Amino acid sequence: MGEGPAAGPHDAGSVPVLRARGLVREFRGFRAVDGVDLDVAEGSVHALVGPNGAGKTTLFNLLTGFLRPTAGSVVIDGHKELVGRTPEAISRLGLARSFQITSLFAELTPHQHLELALAGPTGLGWRFWRSDRALARFTAPAAELLARVGLAGHGDVPAGSLSYGRKRALELALALALDPKVLLLDEPTAGMGAEDVDRTIELVQEIRAGRTVVMVEHNMNVVASLADRVTVLQHGKVLVEGPYAEIRHDPRVITAYLGDSDVAR
Amino acid sequence: MILSRLARSGRGGIVLLVLGLLAALVLPWLIYPPVALDIACWALFAAAVDLLLGFTGLLSFGHAAFWGGSAYCTGLIVLHGGMPFPVAIIGGALFAALLALPIGLLSVRLTGIYFAMVTLAFAQMIYFVANQWRDVTGGENGLQGIPREFLGLDLSDPFFFYYAGLPFVLAGLFAAWRIVRSPFGRVLVSIRDNPARARALGYPVERYRLLAFVLSAALAGTAGGVFAIGHGFAALDGLYWTTSGQVVMMVILGGIGTLWGGAIGAAIVVQLQDFLATAGFEGVGIVTGSIFIVIVLLFRRGIWGTARHLLISRRQADPPVSPAAGAAEEPVESPEPAPAPASPHPAGD
């Protein structure tokens, strides 16, 4: 394969920023992900949907290095192979993720979270002989990121004491702080009330500028309002892929997933 | 209360620091000088272990390897190299750090009880090597007659040697404090709280744990070196697992993640052992063990940790100084299940 001039079979001319081929992950003989091909076009919002147990989160963990695939490859930017790299190395190659279950540092404040995220690429984290006041140089950008996700004024309490919605907002801010090329959001609206869902949609719409977003999402309203392309997974395989308007009428999708969902409309 | 007022004004730390330094300076006047030196050495050893246990989330049960290994190395440098003892102590600390490198490389992938067991196994291996390698280590007799002198000064009086060894202990404690309050220390706390998230932010968790392990070993080695010079010998039981167990006990008694709590734990355990030994009581372990159990059951945060917690909650309960400032402008966070009690060593990644 490689980077040919005619690499993109569908979107003419655009090389997918993230491409997976033949991804397989077995758990004791059970294939949670079973031969998935995925092309994510640069600058798009790409949703992964599917019923529970379809392999969405496993696929996510394969893309970000938190799980090693049994077989297959993942390539970013057309030539950088991700399989075999550690999660931290993948994060540094520009693939940042959020977690489905809020995953924060309980004793650190949101401000300190963002300082850590911003300090990562600078190597400041190794300086054990310096005062932690050296992190103050990230104060302004951290405050800016907090304001962006609506957490201004909540930067200085332990993250463990934040409300659920604010924890989710901090998750987004952390992923943003890494300024990733590809942002992977694992169910950004899981467990949210309608108001918070609307806010999150706005936020994702705002932060997608200049980057690619891949999201696992259960809420079809969110998928409808955000996603350019949708990949439907079932039993670890790709069932259908296409724009939301197309796949929502696909009979296979309706039986597999939307059929027993109240959002089929 | 004066203490809580000081803590609120932010000067509490400085007052405690001055009190601590004063206590360190007058200690050999108050108690038997060799015991004072033991307390100082174990205090630094405990701080080194707390750097891992309280701030990195790793329970090392093999730190005797670094304390005892450095004691032997320090003794050998003085006995065979004829070097002044400060050089020997630094050499011992470097040796401990070097020893920690392969042990750390092979164990930092593990956490929780697995990490504790693997570090214990390595330390026991080193204990057996020291026991067998009689030509160098003296086997069961250990290294004896390590001279205590510096630039022609005879420091064999424990009272004077206390003041010769104290700068090393204080420098080690300062280093531990600096590490905990550095950008590196911040990353360590994040790794302790949530290693997967630290990875997602791009931090290579194992390498950070390894550096923390090596730094902790160097500090433990400093303490072990001062201890060896102070007693004039390096003994095999400094490498035995009971040494690792005792320092962990001191950290837990004083309070995990407090850094200074270990000094209190060290003072209690060393004093008690000395008292019971002088009284001719045989079952020292039964008494220290019982006290340990009582304190852990009554004060889950340890002595220092409990005191600090009481002070902080009292400060928060006090009404604000000026009624106008900070009344209720901040919206109250919606109720949330209380955060899980901080676990010193998360179960795993």
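The values are calculated or read from the model by the stated rules, or taken from the named source; none is laboratory data. It should be emphasised that the depicted structure is a prediction, and the values quoted were computed from it without experimental measurement. All Cβ positions, even for glycine, are placed from backbone atoms using ideal geometry, and neighbour counts span all protein chains on display. Side chains included, ligands, DNA and RNA excluded: accessible areas come from the protein's heavy atoms. Shrake-Rupley method; radii C 1.70, N 1.55, O 1.52, S 1.80 Å.
Listed values, structure above:
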{"item": "Residue selected from region A:123-164 under the condition among the β-branched types (Val, Ile, Thr) and away from chain B (no Cβ under 12 Å), by the criterion surrounded by the fewest Cβ atoms within 10 Å (Cβ to Cβ)", "result": "A:139"}
{"item": "Selection status of residue A:91, at the interface with chain B (Cβ under 7 Å from one of its Cβ atoms), among the hydroxyl-bearing types (Ser, Thr, Tyr), part of a loop (DSSP other than H, G, I, E, B) and out of contact with any Pro (no Cβ under 6 Å at 6 or more places or on another chain)", "result": "no"}
{"item": "Number of positions in region B:261-295 that are closer than 24 Å to residue B:16 by Cβ and under 18 Å from the mean Cα position of the chain (by Cα)", "result": "11"}
{"item": "Exclusive hit being open to solvent by less than 10 Å² (accessible area, probe 1.4 Å), under 30 Å from residue B:129 (Cα atoms) and either in contact with an Asp or Glu (Cβ under 6 Å, 6 or more places away or on another chain) or of a type in the set (S, T, N, Q) (or both), set B:226, B:251", "result": "B:251"}
{"item": "Sole exception among (1) part of a helix (DSSP H, G or I); (2) in contact with a Pro (Cβ under 8 Å, 6 or more places away or on another chain); (3) crowded, with 21+ Cβ neighbours inside 10 Å; (4) not basic (Lys, Arg) for residue B:57, by number", "result": "(1)"}
{"item": "Subset of region B:82-118 (residues that are of a type outside the set (A, V, I, L, M) and not in a helix (DSSP H, G or I))", "result": "B:82, B:84, B:109, B:111"}
{"item": "Some residue of region A:180-191 being assigned to a helix (DSSP H, G or I) and out of contact with any helix residue (DSSP H, G or I) (no Cβ under 9 Å at 6 or more places or on another chain)", "result": "no"}
{"item": "Subset of region B:107-117 [open to solvent by 40 Å² or more (accessible area, probe 1.4 Å) and of a type in the set (A, V, I, L, M)]", "result": "B:110, B:113, B:117"}
{"item": "Whichever residue in region B:145-154 is within 10 Å of residue B:229 (Cα to Cα) and over 26 Å from the mean Cα position of the chain (by Cα) and, among such residues, is modelled with the lowest pLDDT", "result": "B:149"}
{"item": "Region B:254-295 - residue that is out of contact with any helix residue (DSSP H, G or I) (no Cβ under 8 Å at 6 or more places or on another chain) and of a type in the set (Ser, Thr, Tyr) and, of those, most open to solvent (accessible area, probe 1.4 Å)", "result": "B:278"}
{"item": "Spans of helices (runs of 4 or more DSSP H) in region B:173-262 with at least 1 residues within 30 Å of residue A:178 (Cα to Cα)", "result": "B:183-193, B:195-200, B:205-231"}
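For (1) at pLDDT 90 or above; (2) loosely packed, with under 15 Cβ neighbours inside 10 Å; (3) in contact with a helix residue (DSSP H, G or I) (Cβ under 8 Å, 6 or more places away or on another chain), each residue gets a yes or a no:
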residue	(1), (2), (3)
A:18	yes, no, yes
A:54	no, no, no
A:65	yes, no, yes
A:96	no, no, yes
